[in-house]
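Following this message is one structure expressed as structure tokens.
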Amino acid sequence: MRAKIEHKLRSPVENSMHRLTSDQQKLLERARALAEMVIAPRAAEIDRTEEYPWDNVDALTKAGFMGMTIPHSHGGAGLGYLEAALVVEEMAKVCGSTARIVVEGNMGAIGAIMAYGSEQQKALAARLVLAGDKPAICITEPDAGSAATEMTTRADRNGSGYVINGKKHWITGGGISKLHLIFARVFDGAVEQGIGGFIVINEPPGETKGFSVGRREPTMGLRGLPETEIEFKDIKVDEAMAIVPPEGLHRGFAGLMNAYNGQRIGAATVALGLAQGAFEQALAYAKSREQFGRPIYEFQGLQWMLADMSTDISAARALIHNAASCEEFPDALEAAQAKVFTSEMAIRVTNDALQVFGAAGYSRRNPIERMVRDARMFTIGGGTAQILRTVIATRILGQKLPQTRDGYMNMPRATD
Ligand code: FAD
Ligand code: COA
């Protein structure tokens, strides 16, 4: 009787495997083997020491998982966001920090540079990422978080280039990344031209004049990656390092955010993997732990909890795979929906997994408590759940809403 029930308890990954092509399945299996054999054994230590996992980066680079989405013409594997998501999920099942490195090595700044960059920019970025560099994307500032368009970092036109001044914070990889994509307000004299993106290389780290890495945040989770301030003082950037989307430098922000939808899918996928990893462990524990003379999965209270967890995970994966099956970048609406749903789902599912373990889940000996802390981040970083709901509402209603900058300017304030 018990054997029959066990046969039916399948993980959602197995349930969705039949939809993958054989190449995608092979990629997933290769990623799973690396995650289980190389990445998983080091995850607790990375969390405890808060050190950047250079060994893991080395293994990811050798396996070809950094720069998978870079086109063949620039030395990459020419894969899409869906393939990158398959690898990210496998890494996140065992180590959230390592999974975020795969995201940034395939889906963030690198996507923008490969889409909009000049040949020189693409070759430069490909060289760094294919050698294991995790690019940093620098948008957020102390006074411009959700309100990213209120950033004050500026790039002033100066002869054949620009001079950048300003301060960013919460930059993932500050102090370890070489390739930086910096968002700045562009000025030609007194005339503002909009927000644009600039490539700045900090190689070797710490030796770029005017580029200084400030305070590191002591974070709740995802501790293998530094989150730091970065200050730019009179950094000279050649014109050739400005990213110009097809609509022009003055439309840089919209173009860059379009590329940034790729990173939102990546963040959602890390949350998905954390949920899947926690779920699989809870499922195994529910089958092995006995109370009242039987395995705890025989109690309906836990059966329904596990059923909801599995349904939540499958729904999130469907949203992500749908958004990731795109031509160039994921659509803004689909990426926002996938990230809102998955980030909130991962908080629920990792917490429920901890509950299945009882006291054993609350112990730091158990990876679940780390996964709960790691999962908490994804309703914040990369656009908060509130902002993404506004992005969704703006698109389904087809109009700018009085929630962000332009609309708010015309609204009476409570203090008026
Ligand atoms: P705020 O904007 O101050 O928001 C505070 C609260 O108000 C939130 O709950 C928010 O949802 C709500 N709120 C704000 N405006 C509205 C509105 N219009 N409607 C409804 N609610 C609203 N940034 C980078 O540039 N590069 C990185 O590499 C990077 N990595 C990060 C890594 C981590 C681990 C974290 C936590 C953050 C990272 N960030 C990074 C920053 C991140 O993108 C910002 O934290 C995020 O955009 C929110 O900004 P904020 O923290 O200033 O919150
Ligand atoms: N995909 C495609 N285009 C986007 C976009 C996205 N995700 N987000 C914004 N844009 C475009 C808008 O459509 C608009 O284009 P338009 O001028 O043709 O209408 C332009 O960028 C400016 O966006 P808008 O929504 O008008 O800006 P705002 O001043 O109201 O500010 C944002 C709102 C964009 C800053 C806010 O929605 C947001 O995303 N905040 C979070 C920032 C973030 O994710 N930081 C992560 C750092 S790692």
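The values are calculated or read from the model by the stated rules, or taken from the named source; none is laboratory data. Just so we're clear, the structure is a prediction, and the values are computed from it rather than from any experiment. We place every Cβ from the backbone using ideal geometry, glycine too, and count neighbours over all the protein chains shown.
Taking the stated definitions as given, is F329 of a type outside the set (K, R) and either part of a loop (DSSP other than H, G, I, E, B) or at pLDDT below 95 (or both)? If you could, list the steps in order and put the result at the bottom.
Numbers: of a type outside the set (K, R): yes; either part of a loop (DSSP other than H, G, I, E, B) or at pLDDT below 95 (or both): yes.
For F329, the condition - of a type outside the set (K, R) and either part of a loop (DSSP other than H, G, I, E, B) or at pLDDT below 95 (or both) - is met.
Let me ask something else about it. Name the residue, out of A85, A92, A40, that is free of Cβ contacts under 8 Å to residues at least 60 places away in the same chain and in contact with a helix residue (DSSP H, G or I) (Cβ under 6 Å, 6 or more places away or on another chain).
Details: A85 fails: free of Cβ contacts under 8 Å to residues at least 60 places away in the same chain; A92 fails: free of Cβ contacts under 8 Å to residues at least 60 places away in the same chain.
Checking each option against the conditions leaves just A40.
Return the only residue of A323, A338, A346, A332 being of a type in the set (A, V, I, L, M, F, W, C), closer than 20 Å to M257 by Cβ and within 16 Å of ligand 1 (Cβ to nearest atom).
Numbers: A323 fails: within 16 Å of ligand 1 (Cβ to nearest atom); A338 fails: within 16 Å of ligand 1 (Cβ to nearest atom); A346 fails: closer than 20 Å to M257 by Cβ.
Matching residue, one of A323, A338, A346, A332: A332.
Still on this structure: Of the residues that sit in segment 246-265 and are more than 7 Å from ligand 2 (Cβ to nearest atom) and hydrophobic (A, V, I, L, M, F, W, C), which one is farthest from A336 (Cα to Cα)?
It comes out as L249.
Any chance segment 113-121 includes a residue that's within 24 Å of A85 (Cα to Cα), away from ligand 1 (no atom under 15 Å from the Cβ), of a type in the set (G, A, S) and out of contact with any Leu (no Cβ under 6 Å at 6 or more places or on another chain)? Full working, then the answer.
First, the residues of segment 113-121 that are within 24 Å of A85 (Cα to Cα): 113-117.
Next cut, away from ligand 1 (no atom under 15 Å from the Cβ) only: 113-117.
With the extra rule that they be of a type in the set (G, A, S), the set shrinks to 115, 117.
With out of contact with any Leu (no Cβ under 6 Å at 6 or more places or on another chain) added as a condition, the list becomes 115, 117.
Yes: one or more hits.
Do we have R185 as assigned to a strand (DSSP E or B), without any contact (Cβ under 8 Å) to a residue 60 or more places away in the chain and within 26 Å of F329 (Cα to Cα) here? Let's see the steps before the verdict.
Numbers: assigned to a strand (DSSP E or B): yes; without any contact (Cβ under 8 Å) to a residue 60 or more places away in the chain: yes; within 26 Å of F329 (Cα to Cα): yes.
Here the answer is yes, as R185 does meet what is asked.
Please verify whether A59 is in contact with a His (Cβ under 8 Å, 6 or more places away or on another chain) and either modelled with pLDDT of 95 or more or over 22 Å from T350 (Cβ atoms) (or both), treating the condition exactly as stated. It would help to see each step written out before you state the result.
Working: in contact with a His (Cβ under 8 Å, 6 or more places away or on another chain): no; either modelled with pLDDT of 95 or more or over 22 Å from T350 (Cβ atoms) (or both): yes.
So A59 fails the test.
Still on this structure, please answer the following. Those residues that are surrounded by fewer than 22 Cβ atoms within 10 Å (Cβ to Cβ) and either without any contact (Cβ under 8 Å) to a residue 40 or more places away in the chain or within 18 Å of K134 (Cβ to Cβ) (or both), I need them from segment 62-75; list them, please.
In the first step, residues of segment 62-75 are kept if they are surrounded by fewer than 22 Cβ atoms within 10 Å (Cβ to Cβ); the result is 62-64, 69, 71-75.
Answer for segment 62-75, where residues must be surrounded by fewer than 22 Cβ atoms within 10 Å (Cβ to Cβ) and either without any contact (Cβ under 8 Å) to a residue 40 or more places away in the chain or within 18 Å of K134 (Cβ to Cβ) (or both): K62, A63, G64, T69, H72, S73, H74, G75.
Right, next: Please enumerate the residues belonging to segment 163-179 that are crowded, with 22+ Cβ neighbours inside 10 Å, within 13 Å of ligand 2 (Cβ to nearest atom) and either under 9 Å from I230 (Cα atoms) or not polar (S, T, N, Q) (or both).
K168, I171, G173, G174
Go through (1) more than 18 Å from the chain's Cα centre (by Cα); (2) within 17 Å of Y260 (Cβ to Cβ) one by one and return the number of the condition S118 breaks.
The number of the failed condition is (2).
State which residue is nearest to ligand 1 (Cβ to nearest atom) when the search covers only segment 74-103 and only residues that are within 16 Å of A59 (Cα to Cα) and of a type in the set (D, E, K, R).
Within segment 74-103, the match that is nearest to ligand 1 (Cβ to nearest atom) is R100.
Also: Outside any loop (DSSP other than H, G, I, E, B), without any contact (Cβ under 8 Å) to a residue 60 or more places away in the chain and not charged (D, E, K, R), is that true of V237?
Spelling it out, it is not the case that V237 is outside any loop (DSSP other than H, G, I, E, B), without any contact (Cβ under 8 Å) to a residue 60 or more places away in the chain and not charged (D, E, K, R).
Restricting segment 125-162 to residues that are in contact (Cβ under 8 Å) with a residue 24 or more places away in the chain, of a type in the set (A, V, I, L, M, F, W, C) and not in a helix (DSSP H, G or I), which is nearest to ligand 2 (Cβ to nearest atom)?
I139
Listed here are the residues, each with its yes/no results for (1) surrounded by fewer than 20 Cβ atoms within 10 Å (Cβ to Cβ); (2) more than 18 Å from N351 (Cβ to Cβ).
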{"site": "A259", "(1), (2)": "no, yes"}
{"site": "V270", "(1), (2)": "no, no"}
{"site": "Q276", "(1), (2)": "no, no"}
{"site": "F279", "(1), (2)": "no, no"}
{"site": "T311", "(1), (2)": "yes, no"}
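Something else: Does segment 201-216 contain at least one residue that is within 14 Å of ligand 1 (Cβ to nearest atom), of a type in the set (S, T, Y) and not in a strand (DSSP E or B)?
no
Could you list all residues from segment 348-373 that are touching a residue at least 40 places away in the same chain (Cβ under 8 Å) and of a type in the set (A, V, I, L, M)?
V349, A353, L354, V356, A360, I368, M371, V372
If you go through segment 382-399 one residue at a time, do you hit one that is surrounded by 17 or more Cβ atoms within 10 Å (Cβ to Cβ), part of a helix (DSSP H, G or I) and away from ligand 2 (no atom under 13 Å from the Cβ)?
No, that holds for no residue.
Is it the case that some residue within segment 125-141 is over 25 Å from R223 (Cβ atoms), among the small types (G, A, S), touching a strand residue (DSSP E or B) at 6+ places or on another chain (Cβ under 8 Å) and crowded, with 23+ Cβ neighbours inside 10 Å?
Of all residues in segment 125-141, those over 25 Å from R223 (Cβ atoms) come to 125-127, 130.
The next check asks that each one be among the small types (G, A, S); those that pass are 125-126.
Filter again for touching a strand residue (DSSP E or B) at 6+ places or on another chain (Cβ under 8 Å), leaving 125.
Cutting the leftovers down to crowded, with 23+ Cβ neighbours inside 10 Å gives us 125.
Within segment 125-141 (the criterion being over 25 Å from R223 (Cβ atoms), among the small types (G, A, S), touching a strand residue (DSSP E or B) at 6+ places or on another chain (Cβ under 8 Å) and crowded, with 23+ Cβ neighbours inside 10 Å), the answer is yes, since at least one residue qualifies.
So, in segment 344-375, how many residues would count as being among the basic types (K, R) and assigned to a helix (DSSP H, G or I)? Let's see the steps before the verdict.
So in segment 344-375, the residues among the basic types (K, R) come out as 348, 364-365, 370, 373.
In the following step, the residues that additionally are assigned to a helix (DSSP H, G or I) were identified as 348, 370, 373.
Number of matching residues: 3.
To continue, here is another question. Condition test on Q263, is it touching a residue at least 24 places away in the same chain (Cβ under 8 Å) and away from ligand 1 (no atom under 13 Å from the Cβ)? It would help to see each step written out before you state the result.
Numbers: touching a residue at least 24 places away in the same chain (Cβ under 8 Å): yes; away from ligand 1 (no atom under 13 Å from the Cβ): no.
Answer is no for this residue.
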